[in-house]
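Heads up: the structure comes next, in structure tokens.
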Amino acid sequence: MVGGYRIVRKLAAGGFGVVYLAVDPQGQQVAVKEYLPASLATRAPGELLPQVQPDKLSLYRLGLKSFFEEGRALAQISHASVVSVLNFFRENDTVYMVMNYLEGASLQDFIITARDLKKQKVFRESTIRSLFDEVLRGLRIVHQHKMLHLDIKPANIFVTDDNKSVLIDFGAAREVLSKEGSFIRPMYTPGFAAPEMYRRDASMGPWTDIYAIGACIYACMQGYPPNDAPQRQDKDRLSLALSRLRGVYSDNLIEVVEWCMALDSLARPQSVFALQKELSRETERSYTKLSMAERMRLQFDNLLGSEGKSAKDKVAPRKAPAK
């Protein structure tokens, strides 16, 4: 029992914490995330209190404060596309964040499955536009609350069984720890991290998360992440890679990815609203009234060669000749 929640089992563990499946006092399933940075703290089996070396204590406490502030900030956000923080509390010399328990699969899982089918298109364009329209609605609210995500990637976009795209795993604690301690390995995900995340003196803002959104769309188109920012700064092959997709995806979608992933942060969309406006252009999109799960199923129908034979034939035709 921790803070009135009964821990059932461990769901996941990462560099900054552990996530458990738990049951709240009313018997509802929740996810409980515990702050336990692997590089700063250890804990013996069966113990509740983390052990922190004296020389790492100040950094541990700094991250703890940031994790707590992240919980407080997220608890103020109520949006279907942002993970819901239901409670957060201090106990056992650490902090716990209680979130709604999501069932489904990450976008990364969908990409890997689609990629392994070895077809020309990893995702239909209408699926990409619809999915990221949902994600951007949530991200816009996050930015309005003066927060950044800082680790948007397909593994952190969750597609639930009840047809929601949800941003998970926010990175406030990660940002503090990567900036304050030189012995902490940089907390970015190669391919999805903007160039400014590799520099300690660079300014980060909405444009930093927007770079990652562009990289996620790229991964949905190619099946693989783009080259990381330092490689691109040395020799940028992004335009060449995207040019091979012309005719598979619309010029507009390809240009949106290039815009989001500009190496110069000032050359990117400076706000989520600017990106939303372009991504939802009426002449390019092909939204349907289908649920996310139905869109995904149609996607795989398409990949498996049932084009022209599935329910998608009943969807209204596109307004422009864009695939």
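Shown in residue order for segment 139-148 are the 3J(HN,Hα) couplings computed by the Karplus curve 6.51 cos²θ - 1.76 cosθ + 1.60 at θ = phi - 60°: 5, 4, 5, 4, 5, 5, 8, 6, 10, 10 Hz (x for Gly and Pro). Model label points for Leu21 and Ser280, set 7 angstrom from Cα along the Cα-to-Cβ axis, are 3.6 nm apart. The rule of thumb for compact globular proteins, 2.2 N^0.38 Å, goes into the C-alpha radius of gyration of segment 6-100 1.09 times. Net length available on complete extension from Ala12 to Lys65 is 16.9 nm, with 0.36 nm assigned per residue and the Cα-Cα distance removed. Of the cross-linked pairs Lys56/Lys153; Lys10/Lys33; Lys33/Lys65, which ones have a Cα-Cα span greater than 20 Å in the structure shown? With Cα atoms farther than 20 Å apart: Lys56/Lys153. Applying 0.36 nm per residue to the separation of Thr160 and Asn92 and subtracting their alpha-carbon distance, the gain on full extension is 21.3 nm. Among the trypsin sites (Lys or Arg not before Pro) in segment 60-147, those placed in a DSSP loop whose Cβ has at most 14 other Cβ atoms within 10 Å are Lys118, Lys119, Lys146.
A Förster radius of 56 Å, combined with the Cβ-Cβ distance separating Gln53 from Ser243, puts the computed FRET efficiency at roughly 0.65. Using the Karplus relation 6.51 cos²θ - 1.76 cosθ + 1.60 with θ = phi - 60°, the per-residue 3J(HN,Hα) values for segment 41-53 come to 9, 10, 8, 6, x, x, 8, 9, 8, x, 9, 10, 5 Hz, with x marking Gly and Pro.
Sorting the segments 264-273, 42-51, 4-13 by their residues' average number of neighbouring beta-carbon atoms within 10 angstrom, most packed first, yields 264-273, 4-13, 42-51.
Packing order of peptides 98-104, 75-81, highest average first: 98-104, 75-81 (average count of other Cβ atoms within 10 Å over each peptide's residues). You can think of it this way: the chain between Gln28 and Ala73 has 13.9 nm of extra reach, that is 0.36 nm per residue less the Cα-Cα gap. Here the 3J(HN,Hα) profile of segment 155-170, calculated from phi with Karplus coefficients 6.51, -1.76 and 1.60 at θ = phi - 60°, is 5, 9, 10, 9, 9, 7, 5, 9, 6, 10, 9, 10, 7, 10, 6, 6 Hz, Gly and Pro shown as x.
Bear in mind these aren't lab numbers, they're just calculated from the coordinates by the rules spelled out. Worth saying up front: this structure is predicted, and the values here are computed from it rather than measured. Cβ coordinates were reconstructed from backbone atoms using ideal geometry, including for glycine residues, and neighbour counts include every protein chain displayed.
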